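See below for the structure under consideration.
The values are calculated or read from the model by the stated rules, or taken from the named source; none is laboratory data. In this text, all values refer to a predicted model and were calculated from it rather than measured experimentally. Reconstructed Cβ throughout: ideal geometry from the backbone, glycine too, with neighbour counts over all protein chains shown. For accessibility, only protein heavy atoms count, side chains too; no ligands or nucleic acids. Shrake-Rupley method; radii C 1.70, N 1.55, O 1.52, S 1.80 Å.
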Amino acid sequence: MQIVEQTSGRLKLRDRGWSLWLTFFPIALLGLGIMPLGRHTIFSCQRVSTLSAQCTLEESNFLVSTRRPIPPSSIHGAVVKRRSSGRGSVRYSVILRTKSQSITLSSRSSSWSRQEAIANRVNAFFMDNTQPSLYVENDDRVAMLFIGGITAAMGIGGLLGLCEINHATLDKASGKLHHIRQGAIGQKESVLPLHQVAYADVEQGTGKSRSTGRIVLHLKSGDRFPMTRNLYPGLRHKEKVARSISEFVAAPAPETVIKPERAKSSPVPSTPEAAIAHYQQALQTDPDDAETHYRLGMVFYKQHNAQAAANHLQRARELFAAKHESHRVLQVQDMLWRLEQG
């Protein structure tokens, strides 16, 4: 998620999920490109006399068809070509060599003996003048259509099912979190009361996906609200965004102070120094107010005063625990963990 707007009263986030779009779009294009590559090849020769023959090559795919003669004098014979893949598998195909080009006469196969038999038939015709004809046919159009179709389906399926754009707006004026998840086949909107959001953190993938993650909102009800459906790379950036979300929902709204009943007589602190003095004065009146300790700890946290922040946050955790407010205990514990991480 990227922060596109951040003020004291509004936080707007956006995630386009480029990594998935850049993964599945080329796969879909590759599959569509493979489908028309299948060829139907017929290489045939007729013996006119013991000294001459007529050979033709017919090639066609799903779009075009060609037929051209090949002078027997230009043909140097057929060979089996070996191709190795990066995974260690070996495939074989028959290549007809002429003076000007090499012509593939068979699809790639793992069977050496089958390809060798085809090459031997071709070479025997040109070495044995008694053979009346030669006919070699290869049709891999269906195979390429199947391979391309599967590949295209994977790419298109990923585009339709996994790729999405997420927008989220946290607005203290309306007191709501508005989330829009927009995919290729529609969008889904969710609205949550902002006061129900306790904090945000990063859910990390497991196994081979440990380098990926997503931002998750923890609600005071104990539920979780993922900001994205998929896990993406960039854990460090996501942790920064999650920290910004936690700080935003923890900070008082611009028009309020620590306690509603004090808002009528106390002005809103306009600077960190004024906020510190304001909260310290509030603690003199009520030294066991958990919320005041938490707010003061957050101000010290933003001022990079780790020791003072930790003191007040630890006291806030104790007071919230005494009141059995588990969601606030988790929220404060998360901030203390961030302090320890530096």
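Residues that are more than 19 Å from LEU11 (Cβ to Cβ) and open to solvent by less than 50 Å² (accessible area, probe 1.4 Å): which strands (runs of 3 or more DSSP E) entirely in segment 191-249 hold 2 or more of them? So that I can check it myself, show each step before the final result.
Values: elements: 197-204, 212-219, 224-226.
The qualifying strands (runs of 3 or more DSSP E) are 212-219.
Name the residues in segment 66-103 that are in contact with a Ser or Thr (Cβ under 8 Å, 6 or more places away or on another chain) and of a type in the set (Gly, Ala, Ser), would you?
Once the filter is applied, which keeps residues that are in contact with a Ser or Thr (Cβ under 8 Å, 6 or more places away or on another chain) and of a type in the set (Gly, Ala, Ser), segment 66-103 yields SER74, SER89, SER93, SER100.
Restricting attention to segment 261-295, which residues are surrounded by 13 or more Cβ atoms within 10 Å (Cβ to Cβ), small (Gly, Ala, Ser) and either at pLDDT 90 or above or assigned to a helix (DSSP H, G or I) (or both)?
ALA263, ALA274, ALA275, ALA282, ALA290 - these are the residues of segment 261-295 that are surrounded by 13 or more Cβ atoms within 10 Å (Cβ to Cβ), small (Gly, Ala, Ser) and either at pLDDT 90 or above or assigned to a helix (DSSP H, G or I) (or both).
Please name all residue pairs, on different chains or six or more residues apart, with Cβ atoms under 6 Å, provided the first residue is in segment 294-310 and is over 12 Å from ILE276 (Cα atoms) and the second residue is hydrophobic (A, V, I, L, M, F, W, C).
Filtered contacts from segment 294-310: ALA306/LEU339; ALA310/LEU339.
Are any residues in segment 11-59 in contact with a Ser or Thr (Cβ under 6 Å, 6 or more places away or on another chain), within 30 Å of GLY155 (Cβ to Cβ) and not in a helix (DSSP H, G or I), and if so, which ones?
ASP15, HIS40, GLU59
Which of the residues spanning segment 143-181 are without any contact (Cβ under 8 Å) to a residue 60 or more places away in the chain, open to solvent by less than 30 Å² (accessible area, probe 1.4 Å) and among the aliphatic types (A, V, I, L, M)?
If the condition is that a residue be without any contact (Cβ under 8 Å) to a residue 60 or more places away in the chain, open to solvent by less than 30 Å² (accessible area, probe 1.4 Å) and among the aliphatic types (A, V, I, L, M), then LEU177 is the only one that fits.
Any chance segment 296-312 includes a residue that's buried (at least 16 other Cβ atoms within 10 Å of the Cβ), within 13 Å of LEU339 (Cβ to Cβ) and of a type in the set (Phe, Trp, Tyr)?
Looking for residues that are buried (at least 16 other Cβ atoms within 10 Å of the Cβ), within 13 Å of LEU339 (Cβ to Cβ) and of a type in the set (Phe, Trp, Tyr), one finds at least one in segment 296-312, hence yes.
Residues in segment 42-52 that are open to solvent by less than 70 Å² (accessible area, probe 1.4 Å) and at pLDDT 90 or above: how many? Break it down into steps so the answer makes sense when it comes.
Taking segment 42-52 and keeping what is open to solvent by less than 70 Å² (accessible area, probe 1.4 Å), we get 42-45, 47, 49, 52.
Subsequent filtering for residues that are at pLDDT 90 or above retains 42-45, 47.
Residues flagged as open to solvent by less than 70 Å² (accessible area, probe 1.4 Å) and at pLDDT 90 or above within segment 42-52 amount to 5.
Are any residues in segment 1-18 open to solvent by 50 Å² or more (accessible area, probe 1.4 Å) and in contact (Cβ under 8 Å) with a residue 40 or more places away in the chain, and if so, which ones?
We begin by selecting, within segment 1-18, every residue open to solvent by 50 Å² or more (accessible area, probe 1.4 Å); these are 2-8, 10, 12, 14, 16, 18.
Once the filter is applied, which keeps residues that are open to solvent by 50 Å² or more (accessible area, probe 1.4 Å) and in contact (Cβ under 8 Å) with a residue 40 or more places away in the chain, segment 1-18 yields GLN2, ILE3, GLN6, SER8, ARG10, LYS12, ARG14, ARG16.
Only residues that are surrounded by fewer than 16 Cβ atoms within 10 Å (Cβ to Cβ), touching a strand residue (DSSP E or B) at 6+ places or on another chain (Cβ under 9 Å) and touching a residue at least 40 places away in the same chain (Cβ under 8 Å): list them for segment 124-142, please.
Within segment 124-142, the subset surrounded by fewer than 16 Cβ atoms within 10 Å (Cβ to Cβ) is 124, 127-133, 135, 137, 139, 142.
Subsequent filtering for residues that are touching a strand residue (DSSP E or B) at 6+ places or on another chain (Cβ under 9 Å) retains 124, 127, 129-133, 135, 137, 139.
Passing the criteria: ASN129, THR130, GLN131, PRO132, SER133, TYR135, GLU137, ASP139.
Taking segment 62-74 as the region of interest, how many residues are touching a Cys at 6+ places or on another chain (Cβ under 9 Å), part of a strand (DSSP E or B) and exposed (fewer than 13 other Cβ atoms within 10 Å of the Cβ)?
Count: 1.
Being free of Cβ contacts under 8 Å to residues at least 60 places away in the same chain and in contact with an Asp or Glu (Cβ under 7 Å, 6 or more places away or on another chain) narrows it down to one of SER107, SER93, so name that one.
Numbers: SER93 fails: in contact with an Asp or Glu (Cβ under 7 Å, 6 or more places away or on another chain).
Of SER107, SER93, the one residue that is free of Cβ contacts under 8 Å to residues at least 60 places away in the same chain and in contact with an Asp or Glu (Cβ under 7 Å, 6 or more places away or on another chain) is SER107.
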